[in-house]
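The values are calculated or read from the model by the stated rules, or taken from the named source; none is laboratory data. All figures in this text were calculated on a predicted structure; none of them were measured in a lab. Glycine gets a Cβ as well: all are built from the backbone with ideal geometry, and neighbour counts include every protein chain shown.
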Amino acid sequence: MTWQRPSATIVERDRSVLLSLQSLLRRRLPGWRLRFFAEPESAMAHIEEEEPHIVIAELDLPGFEGASFLEWVRDRAPSTVRLLLTSYASDAEVLGVAAVAHQLLTKPGDVAGLPAVLESAWGVSSLLRDPSHRDMVAESNDLPPAPSVFMRLASVLDGPEPSAEDVAAVIEQDAALAGRVVQVAQSTLFGARVPPRSVREAVVRLGFELTRGLALTAHLDRIVPRRVDGFDADAFSRRGLRTGMMMRRLASRQDRDQAFLTGIVHGVGDLLFASRRPEQYARMAAAAVTRGVPMAQVMHEELRITGAELGAYLLGLWGFPTRMVAAVGRQHHPKQLLGGPPDACDTVYVARRLVVDPEVAVEIDPPIGANTLDAAFIDEWGGAVRLDAWRHVARSVTGQRKPQARSRTTSGTRPASSVSAPAPWKRQRLAR
């Protein structure tokens, strides 16, 4: 797979539809290498030879049942983005497709917007240049959910009067399951023209039985995954939910749902790395503990990426809104947040750290992944006053109390929390 020009292969057995797609895409994407096939066998030969960046295939191609053609693509070219185009799919077919197709598109409804979908998928693909990293993400849509979440979800769905709010409240406790439900609900197969803004909206679109099916299609070894040394699934779920809760509190009314969802799924890349490469994850986690540095720092030193980039890539493949993908991808890179207007989803940088420790320190140029806040970011986003407000919200979300201020020392110096005292990172700058 080369990166000079984006490439896509389209497989559609209806020749009139194929000609329409060819006319549309060649006109709207003049710089792309596009190939169109009515016979899957010819497409297979081309894919084995070239390995395009994106494959769009119809459901139930001749000789292939359901999404089995895309399963073949996944096995032959794991890095390739897989999009499925169909005019109808039953609940059972959706369950089968969800595990292999990164996005479900409908015809004729989504055809006009197909060029934009391809450009977005190409942009996401460029986030990870290393083929082994792309393979790790794209090889499957399955991620291991927490077993306790499945138990609670089954209990709610089997109750006397389950509600979308109750079902969503359980799903929101698990990043993997929340991401999968929202991913599938984005398809216009379910009657909407815009992505769901919340897990609740996704549950309403899908209905309870399809939501249950999506939750239970995981294999038994994924429902109860083996332990990965260094990865605490309970702490992971707790941090995601608390991050989302804090971001919701910080966002304006129109941004609350997307901010909350961003918080829930912000760590999905760490989950992906732990589940797909458990031995490598355990080794890096142990090294981080031994050296006393963040896991993200060790990962970046060895792989030149962190879980943030992996997570952004996966969410982009799933068709999540651009602002959410961008926020997840730069949650360890505060310098990328400077110079532009604050976005509600970018508060993930602050929230994911403060929900671990509301009294987290502020540093000048902290190491990547550190649970401290960057001084330049704090200065630009509101300074000490805004930071105090954020700390207050974090304490409310986590149930922690504000530490008591120390009394004045005999020399008469004021505590750092005093209104008249300069912010600690500014004192560091003066010292330098």
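Of all residues in the stretch 156-192, those being of a type outside the set (V, I, T), touching a residue at least 40 places away in the same chain (Cβ under 8 Å) and either within 18 Å of M247 (Cβ to Cβ) or not in a helix (DSSP H, G or I) (or both) number 9. The residue that is modelled with the highest pLDDT, counting only those in the stretch 388-421 that are part of a loop (DSSP other than H, G, I, E, B) and surrounded by 12 or more Cβ atoms within 10 Å (Cβ to Cβ), is Q400. Here L83 qualifies as part of a strand (DSSP E or B) and either farther than 17 Å from E12 by Cα or assigned by TED's automatic domain parsing to the domain that holds V17 (or both).
R5 meets each of the listed conditions (1) closer than 21 Å to P115 by Cα; (2) free of Cβ contacts under 8 Å to residues at least 24 places away in the same chain apart from (2). Any chance the stretch 51-61 includes a residue that's of a type in the set (D, E), within 24 Å of M136 (Cβ to Cβ), modelled with pLDDT of 85 or more and part of a loop (DSSP other than H, G, I, E, B)? Yes; the residues of the stretch 51-61 include at least one that is of a type in the set (D, E), within 24 Å of M136 (Cβ to Cβ), modelled with pLDDT of 85 or more and part of a loop (DSSP other than H, G, I, E, B). Restricting attention to the stretch 253-311 and to residues that are among the aromatic types (F, W, Y) and closer than 15 Å to A233 by Cα, the residue that is surrounded by the fewest Cβ atoms within 10 Å (Cβ to Cβ) turns out to be Y281. Residues that are among the aliphatic types (A, V, I, L, M), part of a loop (DSSP other than H, G, I, E, B) and under 25 Å from Q258 (Cβ atoms) were ranked within the stretch 355-387; the one that is farthest from the chain's Cα centre (by Cα) is V360. Residues of the stretch 17-45 that are among the basic types (K, R) and in contact with a Pro (Cβ under 9 Å, 6 or more places away or on another chain): R27, R28, R33, R35. Taking first residues from the stretch 128-153 that are farther than 27 Å from S79 by Cα and partners that are at pLDDT 70 or above and acidic (D, E), the Cβ contacts under 6 Å between residues at least 6 apart in sequence or on separate chains come to V149/D174. Which ones in the stretch 27-56 are touching a residue at least 40 places away in the same chain (Cβ under 8 Å) and within 21 Å of G113 (Cβ to Cβ)? Across the stretch 27-56, the qualifying residues are R28, L29, W32, P52, H53, I54, V55, I56. Among the residues of the stretch 175-214, those that are modelled with pLDDT of 80 or more and of a type in the set (S, T, N, Q) comprise Q183, Q186, S198, T211.
Restrict the check to the stretch 25-40 and report whether at least one residue is at pLDDT below 85 and among the aromatic types (F, W, Y). Checked the stretch 25-40: no residue is at pLDDT below 85 and among the aromatic types (F, W, Y). Residues being surrounded by 19 or more Cβ atoms within 10 Å (Cβ to Cβ) and of a type in the set (K, R): count how many of those fall in the stretch 55-106. Of the residues in the stretch 55-106, 2 are surrounded by 19 or more Cβ atoms within 10 Å (Cβ to Cβ) and of a type in the set (K, R). Restricting attention to the stretch 315-354 and to residues that are modelled with pLDDT under 90, part of a helix (DSSP H, G or I) and under 15 Å from the mean Cα position of the chain (by Cα), the residue that is farthest from D374 (Cα to Cα) turns out to be L317.
Evaluate the following for S125: is it at pLDDT below 80, farther than 19 Å from E201 by Cα and in contact with a strand residue (DSSP E or B) (Cβ under 7 Å, 6 or more places away or on another chain)? Yes.
Within the stretch 245-292, the set of residues being in contact (Cβ under 8 Å) with a residue 12 or more places away in the chain, basic (K, R) and within 18 Å of R304 (Cα to Cα) comprises R276, R277.
Could you say which residue among S16, S79 is more than 16 Å from V117 (Cβ to Cβ) and in contact (Cβ under 8 Å) with a residue 24 or more places away in the chain?
S79
State all residues of the stretch 245-283 that are aliphatic (A, V, I, L, M) and under 21 Å from Y313 (Cα atoms); if no residue qualifies, say none. A259, L261, I264, V265, V268, L271, L272, A274 - these are the residues of the stretch 245-283 that are aliphatic (A, V, I, L, M) and under 21 Å from Y313 (Cα atoms).
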